[in-house]
Amino acid sequence: MRISKAGLLVVTAIVIPIVVELRTALSWFGIELSVLEGVVLGLAIVLAIVVWAVWPSDGDGTAETDPAGPE
């Protein structure tokens, strides 16, 4: 994982008020989001963060730093 489980929980908790305030900010520009659209947007953002967090750092499942060193 790229981030600890506790860090992932904190980031997820911070996303929720950001999405709520984003609905308010977008309404100033005439873009209205329903509550359902806000929930879908929030879930999409959280899903993207979780996918990023569990994706291997270098793409093949090994750590970026090899403890054995370069060969």
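Laboratory data are not the source of any read-out in this text; all were calculated from the coordinates shown. Given the structure is predicted, the values throughout are model-derived calculations rather than measurements. Here the Cβ positions follow ideal geometry from the backbone for every residue, glycine too, while neighbour counts run over all protein chains shown.
Figures for the structure shown
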| item | result |
| --- | --- |
| Distance (nanometres) between label positions extended 7 Å along Cα→Cβ at Val10 and Phe29 | 3.0 |
| ³J(HN,Hα) computed for each position of region 25-41 - Karplus, 6.51 cos²θ - 1.76 cosθ + 1.60, integer Hz, glycine/proline x | 5, 5, 5, 5, 9, x, 9, 9, 10, 6, 5, 4, 5, x, 5, 5, 4 |
| For region 5-54, diffusion coefficient by Stokes-Einstein and Kirkwood Rh (Cα), 4 °C, 1.567 mPa s, µm²/s | 113 |
| Point-to-point label distance, Leu41-Val54, nm (Cα→Cβ direction, 7 Å offset) | 2.6 |
